[in-house]
1. Per the Kirkwood definition applied to all pairs of different Cα atoms, how many angstroms is the hydrodynamic radius of the chain?
2. Roughly how many Å² is the accessible area per residue of the stretch 46-144, as a whole number, for a 1.4 Å probe?
3. When the chain is treated as a GNM, springs tying every alpha-carbon pair under 10 Å, which of Phe226, Phe140, Phe27 comes out with the largest mean-square fluctuation?
4. Write down the accessible area per residue of the stretch 164-205 in Å², having rolled a 1.4 Å probe over the full set of protein chains.
5. Let me check the size of the stretch 100-147 from its C-alpha atoms; what are the radius of gyration and Dmax in Å?
6. Could you report the accessible area of Ile28 in Å², rounded to 10, computed with a 1.4 Å probe on the protein chains as they sit in the structure?
7. Which whole-number percent of Cα pairs in the stretch 199-255 have a distance greater than 14 Å?
8. When the chain is modelled as a GNM with alpha-carbon springs shorter than 10 Å, which of Val156, Val114, Val49 fluctuates the most?
Amino acid sequence: MPVTPGTDELTELEQLAIDAATEAGRFILDERPAQLRVAETKSSATDVVTVMDQQAEQMLRQRITAARPQDAIVGEEAAAKDGESGVTWLIDPIDGTVNYLYDIPAYCVSVAAVTGDASTPGGWRPVAAAVCNPSTGEVFHARLGGGAHVAGGRGVPVQGHRLAVSGVTTLGQTLTGTGFGYLPEVRRRQGAVAAALLPDIRDLRRAGSAALDLCAVASGSLDAYFESGLNPWDLAAGWLIATEAGALVTGLRSAAPAAAMTVAAGPGVHAQLLKRLEELVPAS
Ligand code: LIP
């Protein structure tokens, strides 16, 4: 099992995640070009990257490397940087890039420090994290064993406040978030699962950012969330923030949250949602 940093180091990692995410968040909001264009595409014509994704990732890497040169970094837009400290940073400079391209205020900067082998599903876990939603000014953050909190945003006291998941106990009352990938055949499968689940839940929400969906579970503005096809940098920070707010965050069939499936919900409804998804998603 990966070595867990001590309390002082966890606090340092959390503060660095907050500072880096907040700085990059301010940059992507304040410096967004009026005529923002697609710089390149990745897995499909709709899987886009903008210059702001690339520049924000450089900003995050410089900030983290300056503070902790011995750490490894894995980001969405550039090559991995090795490290020897046992800590790896998983960074998504703009989670919800399509929303950012369309200027829909539902995108964020997601930064997490993890231990273990970040390239192996189930081989790593997040120990400190921050998610900055620059449109609302909210910064969600957590460290292992320290609870989850939000600072900034409408109605949030200056000192921030502690997050807690909803207490929903029946699947039929569960407001559930989900998302879809960039490949048509993947979307077809995901759409079929979502359609089959719809009669069993309160309703579905598709916000367009896995990190913000997991923070919504942490704050109770969603009761549950599930999605397949996520990359480690999409889910790492939200995984810890939701868990420290009281959620159960897993894969299917006792697996860890990973590309195969990520399911997050309060303890009152997680098992019910998991059982239904295991009926709908065949074992691979
Ligand atoms: C996005 C995820 C979202 C998913 C999108 C995409 P990106 O990440 O946050 O949940 O539905 O397909 O993967 O590409 O904006 O970093």
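The values are calculated or read from the model by the stated rules, or taken from the named source; none is laboratory data. None of the values given here were measured: they were computed from a predicted structure. In case anyone asks, the SASA skips ligands and DNA or RNA and just uses the protein heavy atoms, side chains included. Shrake-Rupley method; radii C 1.70, N 1.55, O 1.52, S 1.80 Å.
1. Working: mean 1/r = 0.0535 Å⁻¹.
Averaging 1/r across every pair of different Cα atoms and inverting gives 18.7 Å.
2. About 35 Å² of surface per residue is accessible.
3. With Cα springs under 10 Å in the chain, the top fluctuation among Phe226, Phe140, Phe27 is at Phe27.
4. Details: 2250 Å² over 42 residues.
Result: 54 Å² per residue.
5. Rg then Dmax for the stretch 100-147, in Å: 13.6, 37.
6. 0
7. Working: 846 of 1596 pairs.
Tail of P(r) above 14 Å: 53 percent of Cα pairs.
8. Result for the chain, Cα springs under 10 Å: Val156 fluctuates most.
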